[in-house]
Amino acid sequence: MVNILSSTKDKFLSSFSKGNMKRFGITICIWIISSLFITLIGEMISQSSYKSFTDFIKEYPLIFLLNYAEVLMITSITFLFAKTRSVLFLIESILLLTYIGNKMVLIIRGTPVVWADMNSLKEGIYMVKNYGLTKYIIPLVLIIALIVAAFVFVFKKEKVKSKWKVLNIPGIIIVIIGVCMPKAAMGLCTKFDKKPEICNYDLKYSYEINGTLYSFINSISEFSVSAPEGYSEESINKILDKVESYEKNQVQVNQYNENTQPNVIFIQLESFMDPNRFEGVNIDVDPIPTIHSLMQNYTSGTLQASCFGGGTVRCEFETLTGFSTDYLPAGTIPNNNVLNGQAVDSLARDFKDIGYTSSLVHNYTGAFYSRDTAVNSFGFDNYISKEFMRVPDNYGSYSYPEDTLNLDTVKELLDNKSIPQFIYNVTVESHGPYSKEDYNGEYMVSSDTLSREELNEVQNFCVKLNGLDRYISKLLDVLNETKRPTVLVMYADHLPSLEITKNMDNNIIQTDTFSKSDKYTTEIIVWDNIKSEHTKENIDLETFQVPSYISKRYNLPGTLASKLYYAYKDESYDEYLNALQLIQYDALYGENYAQKDLNLQLIDTTMGLKDIYLESYSIYEDTVTLKGENFTLYSNVIQGNKIIPTVYVDPNTIQVKVSDLSNGDITVGQVSTVVNSEKILRKSNTIEFNKNS
């Protein structure tokens with residue numbers, strides 16, 4: 001025992017030998033300098049321009065120091081390892097790659113990476129392919145391989161002379177100091193009144209003034225939602241009393257009977273923006289004549305969106321529930337982070353409760369952003385995605401499917417004359433990326449201020465907008481033929497991620513109620529055929545207030561959250577927002593005091609409108625030809641748990657190789673693919689397959 005203690009004492013003292021301490025001091029210098037280098041290079045990469053980088057250093061030196069302290073904290077862990085410099089190289093390389101990754105995301109969608117994105121990695125990888133960024137994969141892999149090779153080389157070359165092979169006391173001291181550094185830096189910021197100002201409303205701006213690393217770490221700390229001040233059963237009951245009092249005082253007009261209940265169609269216009277808003281840009285032909293005509297002759301106006309360049313499902317969540325994503329963690333994707341099999345109050349559910357059929361129609365991948373499970377939470381009867389639609393005209397290109405793909409489905413729903421329809425249609429054609437290559441077609445664009453590539457982007461955007469406009473035009477023709485009254489609500493989810501929009505003025509303008517920014521201002525149009533004379537109104541709302549406005553104007557169902565807007569009309573806007581935050585927390589994270597008695601349940605949403613029917617098969621040489629009904633491009637033969645590679649021939653015919661099947665039961669399923677993850681949305685009947693038949 002004495003020998004063991006003596007040996008331990010010798011090892012402890014030897015770690016403080018002159019040689020070890022000299023080497024340790026050099027390592028500390030390398031750590032301090034290299035961490036500063038990583039912070040500088042990382043911010044230079046992440047900032048939108050070199051000027052914004054230098055402005056950040058000059059105007060926010062203490063916040064830069066805070067980011068530097070965060071890097072020191074993360075890298076201090078290297079002192080717990082014997083080969084400190086090797087591990088330091090590895091961790092700093094990972095940090096640098098993280099800065100580069102953030103920059104790529106910023107370029108693609110116009111907003112930086114937040115912690116909530118970690119739950120949407122699958123969708124992110126999928127977007128890389130659709131944005132034509134696969135060309136960067138090989139260079140990225142080479143860079144990673146180079147880093148790994150360099151790490152292995154440094155690791156082998158680094159000699160360890162300390163007898164503390166894994167841990168050492170000086171190293172533990174450094175780690176403790178490193179952990180304390182961000183707190184000390186924040187203390188300096190507080191002392192000089194320079195604390196970071198987080199702006200979840202505009203993440204790009206927030207990252208620019210607060211630094212990338214600090215902002216990302218802050219998004220982790222904000223990911224858990226705490227109860228807002230004043231949350232209790234009593235406060236919720238007071239809000240409910242307010243809503244009840246408001247409803248009692250309303251004069252009920254324009255009530256509908258079962259034959260006059262209007263069809264209600266919400267169309268979320270993907271990345272839509274009126275091209276007339278582009279400053280200093282001339283376009284020779286109007287790409288959206290139909291939409292411009294609607295803007296001039298019907299109720300229209302602006303919405304203040306919660307996102308820029310991406311985040312479509314955030315807008316869906318707001319307009320379906322009346323909830324605000326402002327009260328969710330920064331960058332939250334509600335389908336992935338909030339719903340998680342939780343039933344919520346929504347327009348789909350409310351319309352269903354009064355006899356409507358509620359359907360989500362979307363000409364894109366059904367399982368993207370977990371829409372195939374989110375529909376159950378929202379309470380939709382049907383979900384019709386591209387897997388149940390005809391072959392897109394542009395199939396095989398990087399372009400998104402054309403929006404006219406939605407038309408057949410919407411018509412089929414409207415053909416049911418006996419039941420009113422609530423249709424929530426999400427378009428996709430005008431989504432980015434937008435080609436920067438020269439284009440010699442319509443919509444010639446000119447400008448004295450934009451580069452050729454920027455003009456090409458705008459030109460390509462106009463081409464996509466015209467596809468959306470054609471869809472709206474054809475849909476209006478259909479609606480004008482129907483005998484049932486119809487309310488059509490069209491609005492943009494966010495602005496497109498173009499160079500010209502990324503550089504838009506982001507100055508905040510304070511209205512009588514809420515803050516506005518051009519970069520987050522989108523358009524809304526409301527059309528109806530209910531009255532012979534239309535009262536054109538000018539709308540100025542936040543996105544989550546759309547259901548409030550439509551419910552009030554047309555005496556239609558609304559969610560509890562959407563009713564607050566008018567129930568608190570005579571109160572201050574802050575009181576309204578406080579009530580909304582309390583009700584939203586109660587429903588999503590709290591005790592559900594407000595709607596506990598409703599016992600909201602998940603709906604077993606039907607995928608597609610038609611049954612897939614598998615009738616027969618025949619074998620010729622090495623090919624099995626299957627006959628049936630309602631096959632699409634995304635129909636695959638399924639045997640057991642195996643999805644068989646399938647060739648689509650026509651709506652009644654698909655083919656597979658004989659060698660891919662074994663004797664036994666087979667079925668046909670509509671398969672939605674996100675990255676390498678395949679999900680079966682709906683199956684046909686089952687028949688028995690026999691190779692010898």
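If you count, for each residue, the other Cβ atoms within 10 Å and average over each peptide, how do 148-154, 350-356, 51-57 line up from highest to lowest?
Values: 148-154: 13.0, 350-356: 17.6, 51-57: 14.9.
The densest-packed peptide leads the list: 350-356, 51-57, 148-154.
Give me the aspartates and glutamates in straight-line cross-link reach of Lys536: C-alpha distance below 18 Å, same-chain residues under 8 apart excluded.
Within the straight-line limit of under 18 Å, Lys536 reaches these aspartates and glutamates: Glu523, Asp528.
Which entries of Lys352/Lys596; Lys436/Lys679; Lys204/Lys569 show an alpha-carbon separation above 23 angstrom in the structure shown?
Lys436/Lys679; Lys204/Lys569
With 10 Å bins from zero, work out the P(r) of segment 29-76 over every alpha carbon pair and list the percent per bin.
P(r) for segment 29-76, in whole percents per bin: 29, 54, 17, 0.
For Leu188, what charge total do you get from the other residues with a beta carbon under 12 Å from its beta carbon, if Lys and Arg give +1 and Asp and Glu give -1? Could the numbers behind the result be given before it?
Working: positive: Lys183, Lys191, Lys194, Lys195; negative: Asp193.
That sum, taken over residues with Cβ under 12 Å, equals +3.
Tally Lys and Arg at +1 and Asp and Glu at -1 over the other residues with C-beta under 13 Å from the C-beta of Leu476: what net charge comes out?
Details: positive: Lys411, Arg470, Lys474; negative: Asp469, Asp477, Glu481, Asp528.
Summing Lys/Arg as +1 and Asp/Glu as -1 gives -1.
Counting only Cα atoms, I'd like the Rg/Rh figure for segment 446-496, Kirkwood definition for Rh. Mind dumping the intermediate values first?
Details: Rg = 16.2 Å, Rh = 13.7 Å.
Using Cα coordinates only, the ratio equals 1.19.
Based on the Cβ-Cβ distance from Asn394 to Gln655, what FRET efficiency comes out when R0 is 30 Å, to the nearest 0.05? Before the final figure, lay out each step's value.
Details: r = 24 Å, r/R0 = 0.79.
Efficiency at R0 = 30 Å is approximately 0.80.
Which three extents, in angstrom, do the Cα atoms of segment 593-693 have along their principal axes, listed largest first?
Between the extreme Cα coordinates on each principal axis of segment 593-693 lie 65, 27, 24 Å.
Below 11 angstrom from the Cβ of Gly379, what's the summed charge of the other residues (Lys, Arg +1; Asp, Glu -1)?
Values: positive: Arg349, Lys352; negative: Asp345, Asp350, Asp353, Asp381, Asp604.
Summing Lys and Arg as +1 and Asp and Glu as -1 gives -3.
At a Cα cut-off below 17 Å, give the aspartates and glutamates reachable from Lys642, other chains included and same-chain residues fewer than 8 away excluded.
Asp660, Asp665, Glu678, Glu688
Using only the alpha-carbon atoms of segment 183-299 as identical scatterers, what base-10 log of I(q)/I(0) does the Debye formula give at q = 0.10, 0.14, 0.16 Å⁻¹?
For segment 183-299, the Cα-only Debye profile gives -0.83, -1.03, -1.01.
Write down the radius of gyration of the chain and its Dmax, each obtained from C-alpha positions, in Å.
According to the Cα coordinates of the chain, Rg and Dmax are 29.3, 102 Å.
Report for the chain the percent antiparallel among DSSP-assigned beta bridges with both residues inside it, nearest 5. Mind dumping the intermediate values first?
Working: 47 of 75 bridges.
Of those bridges, close to 65 percent are antiparallel.
Counting other C-beta atoms within 10 Å, which of Glu621, Glu244 has the fewest, and how do the rest follow? Please list the in-between numbers first.
Numbers: Glu621 5, Glu244 12.
In increasing order of surrounding Cβ atoms, one gets Glu621, Glu244.
Run down the lysines and flag those whose C-alpha is under 30 Å from the C-alpha of Lys157, throwing out any fewer than 8 positions away in its chain.
Reachable lysines: Lys9, Lys11, Lys18, Lys22, Lys83, Lys165.
Laboratory data are not the source of any read-out in this text; all were calculated from the coordinates shown. Everything quoted here is computed from the prediction, not taken from an experiment. We place every Cβ from the backbone using ideal geometry, glycine too, and count neighbours over all the protein chains shown.
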